[in-house]
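As structure tokens, the structure follows; a few thoughts come after it.
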Amino acid sequence: MTAVNFAQRSMQPELMDSETVDFTEFHQCLRQLTIVNVFTLAYRPTLRWLGRTVRYTMPRDTVSVFDVGSGGGDMLRKIWKLLQQRDLNPELTGVDLNPWSKQSAEADTPQEMNIRYESSNIFLLDQSRRADFIVSCNFTHHLTDAELIQFIKWMDSHAVRGWFINDLHRHPLPYYFVKTVFRLLPLSRMMRSDGPISISRAFVAADWRRLLAEAGIPRTRTSIKWYFPFRYVVACRKA
């Protein structure tokens, strides 16, 4: 078994990105991932940032949000509840490359939420499309550095009021913890395989500083923060 070099991002492919599976297995994986996200406080940074931002910057009652790499739609369902609690009208769209994600998200999303899910490559979307906010959670580690730089530029040109990246921290402690614990839990083979790989493909603060610079985003417009347990976020609030 090859040792993991935490000094740099791994490019080992995840099963979710490299292997064709049926809907049942994919849907099971996304539902298990939702449970893991709850226990690892994965939603907290995005909801905290968005909640504070809409409180101080929104001049109207309708808030539009794109969630890129939306998976099973769990983040958008939480955003819907957040905006409803603030008496705002949510216009929410989830975009994911895998068509099984759309089917899975629609199956688990109540109709009254009226969340739209699309199967698409974001770089092929209509260039005129905009949203007040663009968010992603546990998505960017699936990209190569070159793709991620392109993604940052895309967010910056399509977000009207701000964008937010929420992803994992590449570090030995969460890597070996997940690798050990996931083997002991009744999880799908995709979860057991992809969990530690996701961490090895993730980021440290220096990665984000370099990637933002290569994307041409001024440091004065962004913030990079670490969240417990082992998560980095990048926030950009636009004028």
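The values are calculated or read from the model by the stated rules, or taken from the named source; none is laboratory data. Computed from a predicted structure; not experimentally measured. A quick note on method: Cβ atoms are made from the backbone with ideal geometry, for glycine too, and the neighbour counts reach across all protein chains shown.
So if I check each of D17, D67, which one is closer than 17 Å to A202 by Cα and either among the acidic types (D, E) or at pLDDT 95 or above (or both)? Before you say what the answer is, go through the steps one by one.
Details: D67 fails: closer than 17 Å to A202 by Cα.
Among D17, D67, only D17 is closer than 17 Å to A202 by Cα and either among the acidic types (D, E) or at pLDDT 95 or above (or both).
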Quickly run through the stretch 206-223 and pick out the residues that are more than 17 Å from Q150 (Cβ to Cβ) and basic (K, R).
R209, R219, R221
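Is at least one residue of the stretch 36-55 in a loop (DSSP other than H, G, I, E, B), at pLDDT below 95, farther than 29 Å from M190 by Cβ and touching a strand residue (DSSP E or B) at 6+ places or on another chain (Cβ under 9 Å)? Walk me through how you get there before you give the answer.
Within the stretch 36-55, the subset in a loop (DSSP other than H, G, I, E, B) is 40-43.
Checking the rest, the ones that are also at pLDDT below 95 come to none.
Among the residues of the stretch 36-55, not one is in a loop (DSSP other than H, G, I, E, B), at pLDDT below 95, farther than 29 Å from M190 by Cβ and touching a strand residue (DSSP E or B) at 6+ places or on another chain (Cβ under 9 Å), which makes the answer no.
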Is there a residue in the stretch 23-43 that is crowded, with 16+ Cβ neighbours inside 10 Å, in contact (Cβ under 8 Å) with a residue 40 or more places away in the chain and within 16 Å of F164 (Cα to Cα)?
yes
Out of G71, G51, which single residue is of a type in the set (G, A, S), crowded, with 20+ Cβ neighbours inside 10 Å and touching a residue at least 12 places away in the same chain (Cβ under 8 Å)?
G71
Among the residues of the stretch 198-217, are any modelled with pLDDT of 95 or more, loosely packed, with under 12 Cβ neighbours inside 10 Å and not acidic (D, E)?
yes
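Restricting the search to the stretch 153-186, which residues are of a type in the set (F, W, Y) and in contact with a strand residue (DSSP E or B) (Cβ under 8 Å, 6 or more places away or on another chain)? Don't jump to the end; show me each part of the working.
Of the stretch 153-186, the ones of a type in the set (F, W, Y) are 154, 163-164, 175-177, 182.
Once the filter is applied, which keeps residues that are of a type in the set (F, W, Y) and in contact with a strand residue (DSSP E or B) (Cβ under 8 Å, 6 or more places away or on another chain), the stretch 153-186 yields W163, F164.
Checking the conditions here, which among S128, S64 is part of a strand (DSSP E or B), of a type in the set (G, A, S) and surrounded by fewer than 23 Cβ atoms within 10 Å (Cβ to Cβ)?
Numbers: S128 fails: part of a strand (DSSP E or B).
Result of the check over S128, S64: S64.
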Could you please let me know if F123 is of a type outside the set (D, E), crowded, with 20+ Cβ neighbours inside 10 Å, closer than 18 Å to A215 by Cα and touching a residue at least 24 places away in the same chain (Cβ under 8 Å)?
no
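Kindly indicate which of R183, R237 is farther than 17 Å from L143 by Cβ, crowded, with 16+ Cβ neighbours inside 10 Å and among the charged types (D, E, K, R).
Details: R183 fails: crowded, with 16+ Cβ neighbours inside 10 Å.
None of the other options fit; the residue is R237.
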Restricting the stretch 81-108 to residues that are among the charged types (D, E, K, R) and farther than 24 Å from L125 by Cβ, the one farthest from the chain's Cα centre (by Cα) turns out to be D87
